[in-house]
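Step one of this worksheet: look at the structure below.
The values are calculated or read from the model by the stated rules, or taken from the named source; none is laboratory data. Because the structure is a prediction, the values reported are computed rather than measured. All Cβ positions, even for glycine, are placed from backbone atoms using ideal geometry, and neighbour counts span all protein chains on display.
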Amino acid sequence: MSKIIGLVSIILLIALFLGLNVTADRALAGYRLDLTEGSLYTVQPATKRIARSPDEPIRMTFYYSKDLARGIPQIESFGRRVTELLQSIADASNGKVELTIVNPEPFSEAEDNAVADGIQPQPISQTESLYFGLVATNALDGREVFPVFNPRDERFLEYKIAQMIAKLADPDKPTLGLITSLPMTGGFDPRTQRPTPEWAVLREMRATFDIETIPPTATELPADLDCLMVVHPKGLSDALTYAIDQHILAGGGAIIFVDPMAEAEPQQQQQMGMMAQDRSSNMPALFDAWGLGFDPAQLAGDLDLGISVRAPGGRQEIVPYIIWLNVGADQMAGDDPVTGNLTRINLASAGILTHADDAPSAWEPLITTSDQSGLVPVSSVQGFADPKALLNSFFTDGEQRVIAARVTGTVPTAFPEGPPSGSRPASDDTGDNTGDNTDEVGPAEPEPIAGDHLAEATDSINVIVVADVDVLEDGGWVRELRLGNTLLGYDILADNGALALNAAEQMAGSRDLLELRGRGSFDRPFTLIEQMQRDAETEFLAKEQTLQEEIEQTRQRINDLQMARTDTGTAALVLTPEQQAEVDALEETLLEKRKELREVQLNLRKDIEALENRLKVLNTAAVPVLLCVLAMTMGGYNALRRRASRRKADRR
């Protein structure tokens, strides 16, 4: 009887387990418990706010060839991740984001629609292409497209999708204010008697921004700026510096490029017939208020990152020019959307940023040197700089130095005594002067700049400071491709332009975008499998190298025999029996080695498949087995309790 009761208990437990799963699947479909490190599967609050921000619904169409992705583990797992994230964002949007998932089958209308929407096909065979992209539209025919999702970009996947929604929620082209003392917008070179083109970084940014140039002599900023970019600030009036201060304190985004020695400046000075003087730029009033340090007399030098150049002299020796730096991904913040996807940036005579211990701001370094860095006085490289002499006098101290940083926090104004006095613009002069000659108009009486004075930031500021302006100049990152006098295009050598564009796009976007950072990796590889693959690849490469060496030795032996044997004074063109035997031996060696290589690959595949099968069985069967064991244990325990109760009753 007890066995029957135990069996019935197990059956009831299994039925209860299945019933709870079905009920939970339906009733708790919109709920998740994320126990991953860093909450990788939880949409960030800032993303939820962005998804709920559009006034009109945004329609997102996700083209994903799910059937074709089967059997491609990297694409299949990442495709599942993208699908889940898009669905989570749509669920969190309160109906403001409408998601449609399309599986474009080959030669179908859905495939034609994917191509028409700008999704890039990824050929996987001669007749089939995989589609893995996203298109989003708003009610005003605004359009944003992800042509193809790349698994390498998974860390910034949520940021990119949120940025897409934010752009469609506010479709107006943002306005970027540019303050610069450099000829970034173009000019005229008296040496060549030709106009100089606009810098490539501005050409790139005009596709995204309306750029409004603000002269350094201005006394105020336009009221409709979405972002401010200050490049090599020299000769700024107190009134304009104050306007920048108030713009930042009011929550306006800003990117500031300063430099201890701007190599892009001499051309401008030569145009003006001036001798090269101080080429540094700084914003000490703002930096001091934030607790940020910048010494315009010091450059950042680096042994590991120095770009190789040819030293002057007869030997033409190649040495690293320690103040021209080629910065890689290891020296850039990997979790910040501005630098996280960049791989290479070129810097020229960059400066160094520091942060005071008692600073009212916080900072996050974006670009640093390696630990093989040191200080280089600007005075040592004025005029002609000898790279080798500079290298010989250079000392490292094992420290990393910050070249670019994000500054945040509730900081005070740089003008605690209130707005400075400024001159009224001539267009606002209401005097009796009616002549056109402005030289005859006397200076207006100084007056305080209008507007409410902010003594402290209304919220945390968000400013990016870069201690190099040459990072924006064309020579550091882009090269023209010409055929004669015809410009064919540009060759991108580094990510300098992407750095400026990423920073400007983030600063001009919603404040919620500023909160988003790169997430951890969603990929959780089987380290044991990867180690097996590495071991097998090592063996494979070793065998392959041995084979290649034997082939080369045999070929050299054949050549030696041919050159040694002569008929009528000329090299023989017909193989001798000895040579033919060498060739036959070579062919046998090739067959044997290829067979060995196939065996290595086959054994590797067998081991990996066996391990994968064991893991699948374990993952699939572990929970049911544990439940059965638990049910049997509980059933046995209850049976023992009933028997004990009966025994007590019988004794009574």
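Confirm whether Val378 is modelled with pLDDT of 95 or more and either of a type outside the set (A, V, I, L, M) or buried (at least 18 other Cβ atoms within 10 Å of the Cβ) (or both).
no
For the range 246-262, give me each residue that is in a loop (DSSP other than H, G, I, E, B) and farther than 24 Å from Ala223 by Cβ.
Selection gives Val258, Pro260, Met261, Ala262.
How many residues does the range 60-92 hold that are in contact (Cβ under 8 Å) with a residue 60 or more places away in the chain and under 23 Å from Arg511 (Cα atoms)?
Qualifying residue count for the region: 5.
Please list, ordered by residue number, the strands (runs of 3 or more DSSP E) wholly in the range 457-506 having 2 or more residues that are surrounded by fewer than 24 Cβ atoms within 10 Å (Cβ to Cβ), over 22 Å from the mean Cα position of the chain (by Cα) and at negative phi.
The qualifying strands (runs of 3 or more DSSP E) are 478-483, 486-492.
Residues of the range 78-129 being touching an Asp or Glu at 6+ places or on another chain (Cβ under 9 Å) and among the hydroxyl-bearing types (Ser, Thr, Tyr), which ones?
Ser129
So, in the range 381-421, how many residues would count as being among the β-branched types (Val, Ile, Thr) and surrounded by fewer than 16 Cβ atoms within 10 Å (Cβ to Cβ)?
1
Somewhere in the range 347-359, is a residue in contact (Cβ under 8 Å) with a residue 60 or more places away in the chain and of a type in the set (Ser, Thr, Tyr)?
Yes, because at least one residue in the range 347-359 is in contact (Cβ under 8 Å) with a residue 60 or more places away in the chain and of a type in the set (Ser, Thr, Tyr).
Report those helices (runs of 4 or more DSSP H) wholly inside the range 1-99 carrying at least 3 residues which are of a type outside the set (Val, Ile, Thr) and at pLDDT below 85.
2-27
Looking at (1) at pLDDT below 75; (2) closer than 30 Å to Pro197 by Cβ, which is the one condition that is false for Ala450?
So the condition that Ala450 fails would be (2).
On the given criteria, is Ala223 of a type in the set (A, V, I, L, M, F, W, C), more than 27 Å from the chain's Cα centre (by Cα), in the same structural domain as Asp495 (by TED's automatic domain parsing) and not in a loop (DSSP other than H, G, I, E, B)?
No.
Would you be able to say whether some residue in the range 145-154 is buried (at least 18 other Cβ atoms within 10 Å of the Cβ), of a type in the set (S, T, N, Q) and under 24 Å from the mean Cα position of the chain (by Cα)?
The answer is no, given that none of the residues of the range 145-154 is buried (at least 18 other Cβ atoms within 10 Å of the Cβ), of a type in the set (S, T, N, Q) and under 24 Å from the mean Cα position of the chain (by Cα).
Quick check, is Val135 of a type in the set (Val, Ile, Thr) and surrounded by fewer than 17 Cβ atoms within 10 Å (Cβ to Cβ)?
No, not satisfied.
Among the residues of the range 123-133, is there at least one that is modelled with pLDDT under 95, β-branched (Val, Ile, Thr), out of contact with any helix residue (DSSP H, G or I) (no Cβ under 9 Å at 6 or more places or on another chain) and within 23 Å of Glu84 (Cβ to Cβ)?
Scanning the range 123-133, I find no residue that is modelled with pLDDT under 95, β-branched (Val, Ile, Thr), out of contact with any helix residue (DSSP H, G or I) (no Cβ under 9 Å at 6 or more places or on another chain) and within 23 Å of Glu84 (Cβ to Cβ), so the answer is no.
Step by step: first the residues of the range 100-114, then only those that are of a type in the set (A, V, I, L, M) and part of a helix (DSSP H, G or I), then the one that is nearest to Asn150 (Cα to Cα). Which residue is that?
The selected residue is Ala114.
Given the structure, is Val623 over 30 Å from Val8 (Cα atoms), among the β-branched types (Val, Ile, Thr) and either touching a helix residue (DSSP H, G or I) at 6+ places or on another chain (Cβ under 7 Å) or modelled with pLDDT under 70 (or both)?
No.
Report, by residue number, each residue of the range 395-447 that is at pLDDT 90 or above and not in a loop (DSSP other than H, G, I, E, B).
Val402, Ile403, Ala404, Ala405, Arg406, Val407, Thr408, Gly409, Pro412
Please pick out the residue among Leu347, Leu299 that is touching a Ser or Thr at 6+ places or on another chain (Cβ under 6 Å) and either at pLDDT 95 or above or part of a helix (DSSP H, G or I) (or both).
After applying the criteria, what remains is Leu299.
So, in the range 101-111, how many residues would count as being surrounded by fewer than 18 Cβ atoms within 10 Å (Cβ to Cβ), more than 22 Å from Glu158 (Cα to Cα) and under 31 Å from the mean Cα position of the chain (by Cα)?
Number of matching residues: 0.
If you scan the range 120-141, which residues turn out to be closer than 18 Å to Ile165 by Cα and under 25 Å from the mean Cα position of the chain (by Cα)?
Listed by number, the residues that qualify are Gly133, Leu134, Val135, Ala136, Thr137.
Against the condition in the same structural domain as Glu399 (by TED's automatic domain parsing), surrounded by fewer than 21 Cβ atoms within 10 Å (Cβ to Cβ) and either closer than 18 Å to Asp468 by Cα or within 28 Å of the chain's Cα centre (by Cα) (or both), how does Gly334 come out, does it pass?
yes
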